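Presented below is the structure to which this report refers.
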Amino acid sequence: MITDQDSNFLYLADTLPQLYPSFYKRFEQTLKDNQVNYALLPETKDVWAVDYMPIQVDDERFVQFRYNPDYLQTVKLRKTISDVYSICDTLCIKPLKSTIVLDGGNVIRWKDRVIMCDKVFRENPAMPEKTLIKELRTLLEVDHICFIPTDKADKIGHADGMVRFLDYRTVLINDYSKEKSEFQLTFRMALHNAGLDWIEVPYNPYRNKQNIQANGIYINYLQMDGCLVLPIFNQKEDEEAVKLFSQLFPKTRISTVESNEIAQEGGILNCITWNVKN
């Protein structure tokens, strides 16, 4: 499995500079400052590139899951689903096609394992659980899949707003100390049962007016080979987050970008980026 740390090229949806010009200008400058090679995906219909683009499993192979999430089922929202195969053809990528419904933002990767929210079972009700797990392991070429509970308040249900890998045995998770104790316990036990330890990172979405908003969720960062871009939100936790990530990634350049505009729409840096290894 290709990890975020392995990636060396970044794609962004061509809708991003159109819909969020101020944010895009800041983010583009941050990418240039970090000497990140990037390009725009053609003819996209929304900005959340990681969700609809294929998963890279090795240098040459990609898997395209079915992008048909339950939160895009109205007539209006279905029009925002991009033609991924057309985009891949433009990029000369021929992914292996799967009928499994799964968003890329719900696949947190390490070399031989992934983490995803258990929402994947709800989105594929016709497939028995054991069959689904076996198929996912085969397609993603991993030995282990850790299923974490979906936050009931999060209708999107993506793991990239909850957890990221630090190394083989350690993950970063949100500081859920203000959340319901039942959810905290279930979440931690899923990680423990997968043999994973965890480190809490700052988390403060509590000023948001709607559940969809992601302001205050620092764990949705962009990570590539040699650099990590952390979202900030002009709140007191920004400084704490930067300090902690600088300690956790001492050999990685840590940059920040103010991300309130896109966070208000439910996604942040991992959501808008599709980073691959060329």
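Quick one: would you say residue 11 is under 30 Å from residue 251 (Cβ atoms) and in contact with a helix residue (DSSP H, G or I) (Cβ under 8 Å, 6 or more places away or on another chain)? Considered against the rule, which asks whether it is under 30 Å from residue 251 (Cβ atoms) and in contact with a helix residue (DSSP H, G or I) (Cβ under 8 Å, 6 or more places away or on another chain), residue 11 comes out as yes. Taken over segment 61-77, the criterion of being more than 19 Å from residue 120 (Cα to Cα), of a type in the set (Lys, Arg) and surrounded by 12 or more Cβ atoms within 10 Å (Cβ to Cβ) is satisfied by 61 alone. Of the residues contained in segment 165-177, one or more are found to be polar (S, T, N, Q) and either in a loop (DSSP other than H, G, I, E, B) or touching a residue at least 40 places away in the same chain (Cβ under 8 Å) (or both). Apart from one condition, residue 132 fits all of (1) part of a loop (DSSP other than H, G, I, E, B); (2) modelled with pLDDT of 95 or more; (3) under 18 Å from residue 69 (Cβ atoms); the exception is (1). If I filter segment 83-100 down to residues being assigned to a helix (DSSP H, G or I) and within 20 Å of the chain's Cα centre (by Cα), which single residue comes out as farthest from residue 10 (Cα to Cα)? So, considering only residues that are assigned to a helix (DSSP H, G or I) and within 20 Å of the chain's Cα centre (by Cα), the one farthest from residue 10 (Cα to Cα) is 84.
Each residue in segment 33-60 was checked for being among the polar types (S, T, N, Q) and surrounded by 15 or more Cβ atoms within 10 Å (Cβ to Cβ), and 3 of them qualify. Among the residues of segment 56-77, write down those that are out of contact with any Cys (no Cβ under 9 Å at 6 or more places or on another chain) and either hydrophobic (A, V, I, L, M, F, W, C) or part of a helix (DSSP H, G or I) (or both). Matches in segment 56-77: 57, 63, 65, 70, 71, 72, 75, 76, 77.
Condition (residue is in a strand (DSSP E or B), more than 21 Å from residue 262 (Cα to Cα) and under 17 Å from the mean Cα position of the chain (by Cα)) applied to segment 12-30: is it met by at least one residue?
Residues of segment 12-30 that are in a strand (DSSP E or B), as a first pass: 12-13.
Still in the running and more than 21 Å from residue 262 (Cα to Cα): none.
There is no residue in segment 12-30 that is in a strand (DSSP E or B), more than 21 Å from residue 262 (Cα to Cα) and under 17 Å from the mean Cα position of the chain (by Cα).
Would you be able to say whether some residue in segment 229-236 is touching a strand residue (DSSP E or B) at 6+ places or on another chain (Cβ under 6 Å), of a type in the set (Lys, Arg) and closer than 19 Å to residue 263 by Cα? Don't jump to the end; show me each part of the working.
Within segment 229-236, the subset touching a strand residue (DSSP E or B) at 6+ places or on another chain (Cβ under 6 Å) is 229-230, 232.
Retained after the next criterion (residues that are of a type in the set (Lys, Arg)): none.
No: zero hits.
Is it true that residue 80 is out of contact with any His (no Cβ under 9 Å at 6 or more places or on another chain), surrounded by fewer than 18 Cβ atoms within 10 Å (Cβ to Cβ) and either at negative phi or part of a helix (DSSP H, G or I) (or both)? Spelling it out, residue 80 is indeed out of contact with any His (no Cβ under 9 Å at 6 or more places or on another chain), surrounded by fewer than 18 Cβ atoms within 10 Å (Cβ to Cβ) and either at negative phi or part of a helix (DSSP H, G or I) (or both).
For residue 116, work out the one condition from (1) at pLDDT 95 or above; (2) surrounded by 16 or more Cβ atoms within 10 Å (Cβ to Cβ); (3) of a type in the set (A, V, I, L, M, F, W, C); (4) not in a strand (DSSP E or B) it doesn't fulfil. For residue 116, the failing item is (4).
The values are calculated or read from the model by the stated rules, or taken from the named source; none is laboratory data. Quick caveat, the model's predicted, so the values are computed rather than measured. Reconstructed Cβ throughout: ideal geometry from the backbone, glycine too, with neighbour counts over all protein chains shown.
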